[in-house]
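Notes for the one structure printed next.
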Amino acid sequence: MTTARISIDRSSVVATLNRRIFGSFVEHLGRSVYDGIYEPGHPAANDDGFRLDVVELVKELGTTTIRYPGGNFVSSYRWEDGVGPRAARPVRRDLAWHSLETNQVGLHEFARWCELTGSELMMAVNLGTRGIEAALDLLEYANGEAGTALADQRVANGRAEPYDIRMWCLGNEMDGPWQIGYMTAEEYGTIAARTAAAMKTADRTLELVVCGSSGSNMPTFGDWERVVLEKSYDHVEYISCHAYYQERKGDLGSYLASSLEMTYFIDTVVATADHVKHKLRSQKTIQLSFDEWNIWYLDEHQASEEVNDEWRIAPRQLEDVYSVADAVVLGNLLITLLQNHDRVTSASLAQLVNVIAPIMTEPGGDSWRQTTFFPFSVTSRLARGEVLKPRIDVGSYDTALYGAAPLVDSVVTVDTETGTSAVFLVNRSQTESIEVSIDVSGLDASVITEAVSLHDADPYAKNTLADQNRVGLLQLEGSVLADGTLTVTLPPVSWSALALG
Ligand code: AHR
């Protein structure tokens with residue numbers, strides 16, 4: 001059997017865990033909001049129209065910060081449409097997804113949903129069709145103390161206390177020609193800097209995210225980050241990264257190694273941000289907000305008819321059904337985010353419900369967990385304390401896209417307060433089980449309290465409406481902890497997690 005050795009240097013701490021790394025994203029797109037989190041009339045809906053079965057699944061998933069309301073949607077959104085008496089709210093065309101927006105859910109409703117799920121609201125402002133004034137108005141409306149016109153409007157609309165939203169995205173993917181109002185780096189850097197400076201004048205404690213590239217495959221990647229940061233550096237805390245992965249042309253080997261691409265992406269943005277830091281002689285270090293990441297079969301959607309000339313309310317769009325292999329890749333991407341947690345301090349799985357989502361719903365019917373639900377929920381539940389990047393000695397395999405890819409990847413967390421730790425592992429081999437010996441002598445661990453794995457004889461097995469529990473977590477059989485060594489056998493194409501006490 002193929003073997004691997006992992007050693008953990010207790011002093012090689014990447015960062016203390018910031019739970020914002022387990023963020024997600026709800027966009028007014030397809031059935032994410034309408035017929036997703038919100039479905040008045042559903043038997044499980046509360047008086048506000050929110051499905052409580054979905055709320056329970058979101059809590060189980062363990063997401064933290066939720067980015068809202070887009071995405072491409074935000075770039076032509078008028079936030080004022082979504083506040084005030086519902087009967088008076090306008091129906092508008094959403095140009096980004098070619099659908100009708102009823103505005104029955106807006107800031108107040110979504111903030112209530114965040115309270116229900118225990119989430120932190122992360123807000124995006126429209127820098128596509130709008131600008132500084134609309135951003136400042138939204139900030140005053142959302143966060144202002146009563147006594148000014150817009151804050152008083154919020155109070156009149158039923159919310160006395162300010163929402164105190166901390167994280168704000170300065171637009172969305174403004175480098176993309178598909179974005180309503182997209183710009184050059186110079187144009188965007190200028191408007192982002194001005195908007196950020198104005199928002200900071202209102203509240204200097206805000207945490208602002210400037211748009212980075214919408215993918216490392218963009219022709220402007222790297223240069224975009226440099227130009228935008230040169231203009232906005234002093235006013236922002238984060239630069240965003242967006243990345244989606246999919247298996248192409250049956251090349252499962254490259255797909256399973258998608259984390260190598262994410263690592264390259266992170267390294268490039270960190271190097272660029274630090275270059276600007278030194279060029280500007282700044283004391284501040286910019287963090288990365290990986291506020292869109294996931295598996296997305298974008299090629300198939302682009303070839304489909306799902307975005308068409310009709311103007312529909314909550315059409316079925318981007319409803320990817322995920323496989324075991326997709327879940328393994330997603331689990332590995334989360335490992336990568338944790339390995340880089342010193343710089344990636346916020347992240348949003350894009351998205352949460354129905355739209356490229358770990359949670360699916362049927363109108364009037366069930367809600368269920370996709371395969372990708374499991375690695376996310378277990379990682380969010382078990383990861384605690386300090387993040388450690390282990391040393392992994394293992395063979396590699398050749399990939400068409402990334403060259404040699406290590407067969408195993410891993411990250412570890414240690415909670416000194418409770419004396420517990422967790423090990424997360426991926427086996428990228430399509431054919432071989434791999435026996436991994438992990439030196440945990442530095443972790444103070446004496447017992448395995450949990451050992452779970454996601455794998456299947458069919459790496460393309462999925463959970464569907466008709467078969468909602470086809471794929472689930474399995475026990476990782478045969479794991480042994482003795483004399484400071486944890487020995488596990490990882491099945492082919494698998495993601496696994498072990499909790500130690
Ligand atoms: O998450 C789906 C879309 O992907 C978002 O609206 C956009 O920001 C990105 O291109």
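The values are calculated or read from the model by the stated rules, or taken from the named source; none is laboratory data. What you see is a predicted model; the values in this text were computed from it and never measured. A quick note on method: Cβ atoms are made from the backbone with ideal geometry, for glycine too, and the neighbour counts reach across all protein chains shown. Just the protein is used for accessible areas: all its heavy atoms, side chains included, with ligands, DNA and RNA removed. Shrake-Rupley method; radii C 1.70, N 1.55, O 1.52, S 1.80 Å.
Quick look at the numbers
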{"item": "Odd one out for residue 96 among (1) part of a helix (DSSP H, G or I); (2) touching a residue at least 24 places away in the same chain (Cβ under 8 Å)", "result": "(1)"}
{"item": "Those residues of the stretch 35-76 which are within 16 Å of the ligand (Cβ to nearest atom) and open to solvent by 10 Å² or more (accessible area, probe 1.4 Å), in sequence order", "result": "63, 72, 76"}
{"item": "Residue in the stretch 125-147 that is among the small types (Gly, Ala, Ser), over 27 Å from the mean Cα position of the chain (by Cα) and surrounded by fewer than 20 Cβ atoms within 10 Å (Cβ to Cβ) present", "result": "yes"}
{"item": "Yes/no for residue 290 being in a helix (DSSP H, G or I), under 16 Å from residue 336 (Cβ atoms), modelled with pLDDT of 95 or more and within 16 Å of the ligand (Cβ to nearest atom)", "result": "no"}
{"item": "Filter result for residue 354 (open to solvent by 10 Å² or more (accessible area, probe 1.4 Å), in contact (Cβ under 8 Å) with a residue 60 or more places away in the chain and among the polar types (S, T, N, Q))", "result": "no"}
{"item": "Filtered residue count, the stretch 78-123, keeping only those that are away from the ligand (no atom under 16 Å from the Cβ), surrounded by 21 or more Cβ atoms within 10 Å (Cβ to Cβ) and more than 19 Å from residue 31 (Cα to Cα)", "result": "4"}
{"item": "Residue that is free of Cβ contacts under 8 Å to residues at least 40 places away in the same chain, in the same structural domain as residue 217 (by TED's automatic domain parsing) and either of a type in the set (D, E, K, R) or open to solvent by 60 Å² or more (accessible area, probe 1.4 Å) (or both), where the choices are 151, 197, 156", "result": "156"}
{"item": "The lone exception for residue 261 - which of (1) more than 16 Å from the ligand (Cβ to nearest atom); (2) of a type outside the set (A, V, I, L, M); (3) surrounded by fewer than 21 Cβ atoms within 10 Å (Cβ to Cβ); (4) more than 18 Å from the chain's Cα centre (by Cα) it fails", "result": "(4)"}
